[in-house]
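The values are calculated or read from the model by the stated rules, or taken from the named source; none is laboratory data. All values derive from a computational prediction rather than experimental measurement. Heads up, the Cβs are rebuilt from the backbone with ideal geometry, glycines too, and the neighbour counts pull from every protein chain shown. We work out accessible area using only protein heavy atoms, side chains counted, and drop any ligands, DNA or RNA first. Shrake-Rupley method; radii C 1.70, N 1.55, O 1.52, S 1.80 Å.
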Amino acid sequence: MIEKKENAYHLRTARCSYFVSISPIGKPICSHFGGPLSGDLSSLVFSPRLVPGRTVVYDQEHPEIALPCLPLEVSTRGKGDFSTPSVILEGEGLLPLDFVFKDSRIQTPEAIPGYPNPRNAEQELVLFLEDNANHLELELHYLTYRNENVIGRYSRIISHRAGKTYLRRLSSCCLSLLKQNLALHAYRGGWIDEFHEEICPVTSSTLLSSSATGSSGDLRNPFFYLSSSSGECFGFNLVYSGNHEEILEKNPMGFTRILNGIDSSSFAYPLTKDQPFDSPLAVLGYGKDETEMTASFHSFVRRCVLPASHENAERPIVFNNWEGTYFDFNEAKLHALVKKAAKLGIELFVLDDGWFGKRDNDHCSLGDYEICKKKLPHLIKGLSDYVHRHGMKFGLWFEPEAISPDSDLYRAHPDWAIQIDGLKPSLGRNQLILDLTKPEVSDYVYRSLSSILSKDGVDFIKWDYNRNFSDVLPSEGRFAHDYILSLYALLKKLREQFPDLWMENCASGGSRNDLGMFSFFDTGWVSDNTDSLSRAFIQKGMIKGYPPCLMSNHVSAKTSHQTLRKTSFGTKFDVACFGVLGYEMDLNALSPLEEKEIAGEIAYYKKGRKTFQFGTYRLLEDFSCDGVLFQEMEGKDEIYVSFVRLLQQPNAGYRKFPAVHADENAEYAFSVRPETIDFHRFGGLVNQVSPIHLKEEGALVNLLSQYKGLDSEKFSGTVSGLALSSGALPFPQEWNGTGLHEALAVILDFGGRVYRFQKNVDTEEKKA
Ligand code: GLA
């Protein structure tokens, strides 16, 4: 809902308000972004009375007003505002800008041309500003969304100037918060190490987080949030997949300025006279605490961003052959995997890289989508039919934006790759990027995909993107942005042609997991790192801004290919189940016991899938407290709590479950998910229970452990919701080096567990 009263505008959602007004000097200011407001808001309008000391005042008519003393919604240099400007334009040099309010309109929302637009936009406020001296118009757009607790913001600029005008920065959002002790939570990392949370205090030094890699990138995700000392959280994201920047700084008056938008370090967009240029959409989410802020983003992404065709659809359980076979597969090998996957309860079989051209390694063939008949004599259709006959959906890997220098496509069209004429281009994973801004290139990619998707029985594609930009002329300050808009146009066309296709976003893992891509993709591959401990860190970062129904998590071989750390399948499942579950390993190397374990995990997941994928997430205890991570996913009548620990402590004593968000009037039946503990983990101690002597790594232990393991602890009972939410439930006693008991939890280093708390409907009915 958007209300206008005199020169003030109140954007109101169920749990937050955004209150913006026009100051006497015609500058829009935001007096409140935070908890909900109602009633008479006139006294909230920020109106400074005396300008401190030597501050530059804006004009003589308003000696009480100086720009640094206002919570500005747009900021430019030249009139006494010394914080980072939100708009920068260049003509013959940098233009001295000064936008003032002209008019406003509350309207039915209009789509931003060229970008993906979130659904369910309810109302739109447009503030029209002008800079007459420079012949410029600026529009600030604000959007509300039906039943969502977020605000959308973007900016539009129109130049009526004669001569060359370059846009060097147009922030999507410029906001000044008057909150003390804000801390920035940013998500940073690299390949196989995405979404690490970095927390730093906001000070007067400028904090810059940006990506100039050509994509949103794994170095810094566009999602971040600010927490205040009272626990309130202010989250920000962009519906954009290209270069981005987030700038934060506190000015002497106590305002923290927050800017986000397209990265300005590599941006110089030539404006066409009288033609508008739009920034991408920024999304602002508020919560009185972190859980509420996260819930606002989860709900918005699920209902407004992710493709409508699968909005509430449960995501299928995937098998992907990548870590199981890499490039080394043939039809017989795949058939054996298909049979095993079907037997275990898998629902979607995905064939990864290596099915086309001469692609036996990552040095060639990207761009040549001719199916490799040596590996697949009955082609893709033969395999998809086989998978379908086994009751599963079929998925296929593509890397549509890439081209290998060793490919027929490159030999025919070297100019289709992004590179600078006459210079040897830099390769990334032995490949180049196709220049999608060229219509003929986009068209080739579209035709290649669409011909396979139309006839080969493909239900799902994994769309990969495995390198960053290089070799772009510095003078091409518009290229990276044009590339992203061309990518969106291509994705839109494909989505329109194949609305029911499941699509997974991947960029060497999580290098382009952002709201722009998730406007077209149902899920995203979180990371190429499938080690459970690494994943616990990565996932707990990503889930702060992105809902679990789009986070694709795979259980892989016990010895991680990325860290060489060994963890049980049980632990890997305990981490992977908070999201979209999948398996990625050589299923034919599993022992009978492991097969049983995995089939059990899949059945367990199917029962709780709705909660695992669509539940309300809460971080209950972070690793930093006690080396353990407790997280919660709350569904309709059940709660799952997952536990992961760093290192097993000697005789570690006792602990309780942290306070879980339970219904205080209900009773809950609880149980631990049963796991199997490998005999090997007990070393020579097995001899304490074995009738015959067993050697620690001996043949007999090896043979035995193929069929039998030790059952994990027994832990079940009932507990009141009030006791649960008071944090009163004792955690099972853990291994203390003294002996075994059926109730003793042997969780080990980097180990985990999942607990289910089921709301006892019977008891509730009785009470009523
Ligand atoms: C990237 C992806 C992997 C896999 C390989 C195939 O690294 O992230 O999951 O698909 O490419 O080459």
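Taking the condition in a loop (DSSP other than H, G, I, E, B), at pLDDT 95 or above and closer than 21 Å to residue 167 by Cβ, does residue 109 pass? Steps first, answer last, please.
Working: in a loop (DSSP other than H, G, I, E, B): yes; at pLDDT 95 or above: yes; closer than 21 Å to residue 167 by Cβ: no.
Criteria not met by residue 109.
For residue 630, the conditions (1) open to solvent by 20 Å² or more (accessible area, probe 1.4 Å); (2) free of Cβ contacts under 8 Å to residues at least 60 places away in the same chain are fulfilled apart from (1). Scanning region 101-115 for residues that are in contact with a strand residue (DSSP E or B) (Cβ under 6 Å, 6 or more places away or on another chain) and buried (at least 17 other Cβ atoms within 10 Å of the Cβ) yields 101, 104, 109, 112.
Considered as a group, the residues in region 507-533 that are under 12 Å from the mean Cα position of the chain (by Cα) and among the aromatic types (Phe, Trp, Tyr) include one that is farthest from the ligand (Cβ to nearest atom), and that residue is 518.
Tally time: how many residues in region 368-379 are more than 16 Å from the ligand (Cβ to nearest atom) and assigned to a loop (DSSP other than H, G, I, E, B)?
If we filter region 368-379 for residues that are more than 16 Å from the ligand (Cβ to nearest atom), which is where we start, we get 370-371, 373-374, 376-379.
This time we only want the ones that are assigned to a loop (DSSP other than H, G, I, E, B), so: 370, 373-374, 376-378.
Going through region 368-379 one residue at a time, the tally reaches 6.
Among the residues of region 325-367, the ones that are touching a helix residue (DSSP H, G or I) at 6+ places or on another chain (Cβ under 8 Å), away from the ligand (no atom under 15 Å from the Cβ) and outside any helix (DSSP H, G or I) come to 2 in all.
Tell me, yes or no, whether region 428-446 has at least one residue that is surrounded by 18 or more Cβ atoms within 10 Å (Cβ to Cβ), of a type in the set (Lys, Arg) and within 16 Å of the ligand (Cβ to nearest atom). Scanning region 428-446, I find no residue that is surrounded by 18 or more Cβ atoms within 10 Å (Cβ to Cβ), of a type in the set (Lys, Arg) and within 16 Å of the ligand (Cβ to nearest atom), so the answer is no.
Residues in region 100-122 that are in contact (Cβ under 8 Å) with a residue 60 or more places away in the chain, of a type outside the set (Val, Ile, Thr) and out of contact with any Phe, Trp or Tyr (no Cβ under 9 Å at 6 or more places or on another chain): 113, 117.
Looking at residue 613, is it open to solvent by less than 10 Å² (accessible area, probe 1.4 Å), in a helix (DSSP H, G or I), touching a Gly at 6+ places or on another chain (Cβ under 8 Å) and in contact (Cβ under 8 Å) with a residue 24 or more places away in the chain? Quick ask: steps written out before the conclusion?
On the way: open to solvent by less than 10 Å² (accessible area, probe 1.4 Å): yes; in a helix (DSSP H, G or I): yes; touching a Gly at 6+ places or on another chain (Cβ under 8 Å): yes; in contact (Cβ under 8 Å) with a residue 24 or more places away in the chain: yes.
Answer is yes for this residue.
Does residue 311 meet the test of being modelled with pLDDT under 95 and either more than 30 Å from residue 596 (Cβ to Cβ) or away from the ligand (no atom under 15 Å from the Cβ) (or both)? Yes, satisfied. For region 453-478, how many residues are in a helix (DSSP H, G or I) and either surrounded by fewer than 18 Cβ atoms within 10 Å (Cβ to Cβ) or at pLDDT below 95 (or both)? Selection size over region 453-478: 2.
Taken as a whole, region 513-531 holds no residue that is open to solvent by 10 Å² or more (accessible area, probe 1.4 Å), in contact with a Ser or Thr (Cβ under 7 Å, 6 or more places away or on another chain) and farther than 17 Å from residue 352 by Cα. Criterion first (open to solvent by 10 Å² or more (accessible area, probe 1.4 Å), of a type outside the set (A, V, I, L, M, F, W, C), over 18 Å from the mean Cα position of the chain (by Cα) and at pLDDT below 95) does residue 624 satisfy it? When the stated conditions are applied, residue 624 passes them.
Note on region 450-501: residues that are within 16 Å of the ligand (Cβ to nearest atom) and either over 24 Å from residue 316 (Cβ atoms) or within 25 Å of the chain's Cα centre (by Cα) (or both) amount to 9. Taken over region 416-427, residues that are surrounded by fewer than 14 Cβ atoms within 10 Å (Cβ to Cβ) and not polar (S, T, N, Q) amount to 5.
For region 181-196, what are the residues that are farther than 18 Å from residue 244 by Cβ and in a strand (DSSP E or B)? Lay out the reasoning, then the answer.
Going through region 181-196, the residues farther than 18 Å from residue 244 by Cβ turn out to be 181-183, 191-193.
Within region 181-196, 183, 193 qualify.
Applying the criterion of at least 2 residues that are touching a helix residue (DSSP H, G or I) at 6+ places or on another chain (Cβ under 9 Å) to the helices (runs of 4 or more DSSP H) found wholly in region 688-768 leaves 699-707.
Scanning region 314-324 for residues that are open to solvent by 10 Å² or more (accessible area, probe 1.4 Å) and in a loop (DSSP other than H, G, I, E, B), which turns out nearest to the ligand (Cβ to nearest atom)? The qualifying residue nearest to the ligand (Cβ to nearest atom) is 316.
Looking at region 265-295 only, could you name the residues that are open to solvent by less than 20 Å² (accessible area, probe 1.4 Å) and assigned to a loop (DSSP other than H, G, I, E, B)? Walk me through how you get there before you give the answer.
Keep residues of region 265-295 that are open to solvent by less than 20 Å² (accessible area, probe 1.4 Å), which gives 267, 277-287, 293-294.
Once the filter is applied, which keeps residues that are open to solvent by less than 20 Å² (accessible area, probe 1.4 Å) and assigned to a loop (DSSP other than H, G, I, E, B), region 265-295 yields 267, 279, 280.
You will find that of 43, 47, the residue that is outside any helix (DSSP H, G or I) and among the hydroxyl-bearing types (Ser, Thr, Tyr) is 47 and no other. Among the residues making up region 24-35, those that are in contact with a Ser or Thr (Cβ under 8 Å, 6 or more places away or on another chain) and either surrounded by 15 or more Cβ atoms within 10 Å (Cβ to Cβ) or not in a loop (DSSP other than H, G, I, E, B) (or both) are 28, 29, 30, 31, 32, 33, 34.
Condition check: open to solvent by 10 Å² or more (accessible area, probe 1.4 Å) and touching a strand residue (DSSP E or B) at 6+ places or on another chain (Cβ under 8 Å). Does residue 311 satisfy that?
On the way: open to solvent by 10 Å² or more (accessible area, probe 1.4 Å): yes; touching a strand residue (DSSP E or B) at 6+ places or on another chain (Cβ under 8 Å): no.
Here the answer is no, as residue 311 does not meet what is asked.
Can you pull out every residue in region 397-415 that is within 16 Å of the ligand (Cβ to nearest atom), open to solvent by less than 60 Å² (accessible area, probe 1.4 Å) and touching a residue at least 40 places away in the same chain (Cβ under 8 Å)? Please lay out each step first, then the result.
Going through region 397-415, the residues within 16 Å of the ligand (Cβ to nearest atom) turn out to be 397-404, 406-407.
Keeping just the survivors that are open to solvent by less than 60 Å² (accessible area, probe 1.4 Å) gives 397-404, 407.
Listed by number, the residues that qualify are 397, 398, 399, 400, 401, 402, 404, 407.
Okay, residues lined up against (1) modelled with pLDDT of 95 or more; (2) more than 16 Å from the chain's Cα centre (by Cα); (3) open to solvent by 10 Å² or more (accessible area, probe 1.4 Å):
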position	(1), (2), (3)
548	yes, no, no
558	yes, yes, yes
577	yes, yes, no
584	yes, yes, no
587	yes, yes, no
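Screening residue 209 with (1) outside any strand (DSSP E or B); (2) out of contact with any helix residue (DSSP H, G or I) (no Cβ under 7 Å at 6 or more places or on another chain) gives one miss only, at (1).
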